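One structure coming up, written as structure tokens, with questions to follow.
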Amino acid sequence: MTTADDVRVIITDDHPMYRQGLRALLEALDVNVVAEAGSGPEAVRMAAELQPEVVVMDLHMPGGNGIEATRTITRTSPRIGVLVLTMFRDDDSVFAAMRAGARGYLLKESGAEEIARAVRAVAAGEAIYGPEIARRVLTYFADMPDPKQTAFPELTDREREVLQLIAQGRSNSDIAQTLFLSPKTVRNHVSNIFMKLHVADRAQAIVLAREAGLGGV
């Protein structure tokens with residue numbers, strides 16, 4: 001298991017003064033900074049050569065951005081964790097970094113101890129986000145529509161209810177009793193569902209519904 005003293009870090013930022021300051025802060029907290037890179041391509045080369053546990057990565061730099069560098073590093077050296085440290089807090093930057101494989105995302109206003117803790121967490125394989133970034137991520141996923149509600153937009157709400165029960169293996173008579181509908185009305189709904197989903201029978205409808213996440217009790 002990697003201990004705090006074993007964690008080797010490359011700092012990537014296009015501002016030398018910031019790199020030097022961050023290095024001094026991290027080394028004062030027993031984080032072993034093995035190299036500094038001033039661009040994404042330089043970070044990629046150093047990561048391949050030195051194989052550190054963590055690359056601290058700025059996002060927007062001349063000569064190649066941090067997103068591409070993160071994607072390359074995590075693809076070619078999956079054991080290396082990338083911790084994004086940037087001033088950009090917008091959703092596009094956050095989720096682009098996540099898609100590229102970054103394990104952590106902090107803002108540059110974070111304190112030295114918070115950054116050091118994040119470095120060690122990323123080295124241990126954890127995902128770590130600053131408080132504001134974590135709130136953004138949680139809000140994003142909380143606001144995502146329920147796939148069960150967005151599946152089959154061509155169906156009416158009642159038809160989707162009927163399809164949900166079909167996916168549970170319920171018969172037309174069961175569906176009629178559950179929804180307080182007449183058997184004829186249920187048959188009409190089932191016929192409309194088959195037509196709109198372009199399926200020939202109940203079995204095909206069940207397969208489509210379950211693939212879309214319907215059918216749960």
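Out of the residues in the stretch 79-101 that are outside any helix (DSSP H, G or I) and open to solvent by 10 Å² or more (accessible area, probe 1.4 Å), state the one that is nearest to residue 41 (Cα to Cα).
Taking the candidates together, the pick is 101.
Evaluate the stretch 161-168: report whether one residue or more is over 19 Å from residue 66 (Cβ atoms), buried (at least 17 other Cβ atoms within 10 Å of the Cβ) and of a type in the set (S, T, N, Q).
Yes, because at least one residue in the stretch 161-168 is over 19 Å from residue 66 (Cβ atoms), buried (at least 17 other Cβ atoms within 10 Å of the Cβ) and of a type in the set (S, T, N, Q).
In the stretch 102-118, how many are assigned to a loop (DSSP other than H, G, I, E, B) and either open to solvent by less than 30 Å² (accessible area, probe 1.4 Å) or within 19 Å of residue 6 (Cα to Cα) (or both)?
We begin by selecting, within the stretch 102-118, every residue assigned to a loop (DSSP other than H, G, I, E, B); these are 102-103, 108-111.
Narrowing further to those that are either open to solvent by less than 30 Å² (accessible area, probe 1.4 Å) or within 19 Å of residue 6 (Cα to Cα) (or both): 102-103, 110.
Looking only at that region, the number is 3.
A further question on this structure: Within the stretch 169-202, which residues are among the charged types (D, E, K, R) and open to solvent by 80 Å² or more (accessible area, probe 1.4 Å)?
Matches in the stretch 169-202: 184, 187.
One residue is enough: does the stretch 141-148 have a residue meeting the conditions among the aromatic types (Phe, Trp, Tyr) and in a helix (DSSP H, G or I)?
Checking the stretch 141-148: at least one residue is among the aromatic types (Phe, Trp, Tyr) and in a helix (DSSP H, G or I).
Against the condition at pLDDT 85 or above and surrounded by 17 or more Cβ atoms within 10 Å (Cβ to Cβ), how does residue 208 come out, does it pass?
Yes; evaluated as a whole, the condition is true for this residue.
While we're on this one: Being of a type in the set (Lys, Arg) and within 20 Å of residue 65 (Cβ to Cβ) is the filter here; which residues of the stretch 93-135 pass it? Before you say what the answer is, go through the steps one by one.
Filtering the stretch 93-135 down to residues of a type in the set (Lys, Arg) leaves 99, 103, 108, 117, 120, 135.
99, 103, 108, listed by residue number.
The values are calculated or read from the model by the stated rules, or taken from the named source; none is laboratory data. Keep in mind the model is a prediction, meaning the values are calculated, not measured. FYI the Cβ positions are ideal-geometry reconstructions off the backbone, even for glycines, and counts take in every protein chain you see. Keep in mind that these areas ignore ligands, DNA and RNA; they rest on the heavy atoms of the full protein, side chains included. Shrake-Rupley method; radii C 1.70, N 1.55, O 1.52, S 1.80 Å.
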